[in-house]
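Chemist: Shown below is the structure under consideration.
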Amino acid sequence: MIRAALIFLGLAGAAFAQGDAPAFQADAAVTIATWSANGVTVDVAGSPNPEGGTLTDADMWHIGSLTKAMTATLAGRAVAAGAIDWDTTVGALLDADPVWRDVTLAELLTHRSGMAANLPRWRAILRPDRAAYVGHMLGSSPVGARGEFLYSNAGYVVAGAMLEAAQAEPWEDLIQREVFAPLGMEEVGFGAPPRIWGHRGGRPVRPGPGADNIPAMGPAGTVHASPRAMLRFLAAHATQDPEFLPPEVWARLHRPVGDYAMGWRVEDRALRHAGSNTMWFARVEVRDGWAAFVAVNEGSAAAQARTEQVIEGLWPDAPPARPEAPRPSE
C-alpha cells in the first residue's frame, strides 16, 4: 500500500503546485491503514509539517465527522448501561423550546431532528462553550421537517449534551472512559493534532485554536487519532464485538433510516463515512471482517477525490473471513 500512498502524494503535490499554494507539495502527508483476517497494515508517507521530522504510524490525524460514529457508539454504551434510551427526549434532559422537547436521541443521531447544520457563523466566532451552543440551538427554529434527513453537526452536539446530562460528566471524559479505553485506543485526543499540520487553501496551518472547529463541537467532529487507534474502533464495528456492546445495540447503531444509520452511511452493505474540518480529510469503510482508514492533511476537493479513489481500490484485496476484533492487550 505504500506505493498507493506515494502515488497519492505525487498527484496531490502536482495538483497543488499548479495552483497558488506550492507549499503543500513539501509537507503533504497521507496514511492508509487496513484491518482484516490477514492482520493490520499501516502505511504512512510524506512529511508531518514544514518544520520537518519523520512521519510515523503513531502520529495522529484529525478525523472530523468520523467522530460522529464514536459519539453514537458512546450513546450505545449508555443505552446498554441503562443510563439513557434511544427514545429519550431532549426535553427530558435539557431545557428546550417546545418544538425540540419531543425530539429523541435516535432522531438526533440519524440526522432526523430538523435542526440546522451548524451554529450561526457569527455565534461560532464568539467561541461559545457547549452549554451556550446547545442553548442557542434549542432556542432556535427548525430548518427542516422532523423525520426527514438533514445532516446536522449541531444535532450531534445536542446529542452529546444529552449524554453529558444523563451521566453528569463531560463528553470528552465519557468517550475516553467508555469508548477509547475499552477498545485500547491509546493515541487519541481532541482538536488539531500536535504534529501533523492541516492545510487551508493549500497552505499549512500551525496547530492551535484556529486549526480546528470550536471545542463545543466535540461530539460532532473534533477527535484526532492514530491509524492503529482508528483500526481498533473500526474492527469493533466490523465484528460487532459482543464484549463491547450487546448484539441488539450493534444492530440499532448500524440499522439505516434511509441510507444513514447512527454516524454511518450505509451503502452496498458497507458502513462508510468521511470527515473534514476543511484542513484535513479522512475516510473510513467497514465491511464484514474488513475495515480501512485513509487520511490526508488537506481538505480540498482534489484531496477528497483522491482519498475516495484510494479507499475504493482497497476492498478487492480483502479476504471474506470474519476475524475477531483486536482486544486492548493485543
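Chemist: Give me the Kirkwood hydrodynamic radius of the range 133-272, using the inverse of the mean 1/r over all pairs of distinct Cα atoms, in Å to one decimal.
Modeler: 17.1 Å
Chemist: Can I ask one more? Rounded to whole Å and sorted largest first, list the principal axis extents of the Cα atoms in the range 51-184.
Modeler: Principal extents (Cα only, largest first): 53, 38, 26 Å.
Chemist: Additional query: In nm, to one decimal, how far is the modelled label at E169 from the one at F149, with both set 7 Å along Cα→Cβ?
Modeler: 3.3 nm
Chemist: At 0.36 nm per residue, minus the direct Cα-Cα distance, what do D87 and T278 gain on full extension? Give it in nm, one decimal, please.
Modeler: Here the segment from D87 to T278 would lengthen by 65.4 nm.
Chemist: Taking only Cα atoms and a 10 Å spring cutoff, compute GNM fluctuations for the chain and point out the largest among G82, G46, G202.
Modeler: Largest GNM mean-square fluctuation: G82.
Chemist: While we're looking at this one, here's another question. Taking other Cβ within 10 Å of each residue's Cβ, how do V294, V143, V79, V134 sort, fewest first?
Modeler: By the 10 Å Cβ count, ascending, the order reads V143, V79, V134, V294.
Chemist: Okay, next question. Report relative contact order for the range 40-313 in percent, whole number only (criteria: Cα-Cα under 8 Å, sequence separation at least 6).
Modeler: 25 percent
Chemist: OK, next. What is the extension gain from Q309 to L126, computed as 0.36 nm multiplied by their sequence separation minus the C-alpha to C-alpha distance, in nm to one decimal?
Modeler: 62.1 nm
Chemist: I would also like to ask the following. Among A181, A270, A33, determine the one that fluctuates most according to a GNM of the chain built with springs between C-alpha atoms less than 10 Å apart.
Modeler: It is A181.
Chemist: Between I196, I63, I125, where does the largest GNM mean-square fluctuation fall for the chain, given springs only between Cα atoms within less than 10 Å?
Modeler: In this elastic network of the chain, the residue with the biggest mean-square fluctuation among I196, I63, I125 is I125.
Chemist: Something else now. Does anything in the range 103-132 have its amide N under 11 Å from the 7 Å Cα→Cβ label point of V257, and if so which residues?
Modeler: 103-115
Chemist: Another question, then. Which option, (1) 37; (2) 46; (3) 32, is the value of percent of Cα pairs over 30 Å apart that was calculated from these coordinates?
Modeler: Calculated percent of Cα pairs over 30 Å apart: the matching label is (3).
Bear in mind these aren't lab numbers, they're just calculated from the coordinates by the rules spelled out. Everything numeric here is computed off the predicted structure, so don't read it as measured data. Cβ: placed from backbone, ideal geometry, glycine included. Neighbour counts: every protein chain shown.
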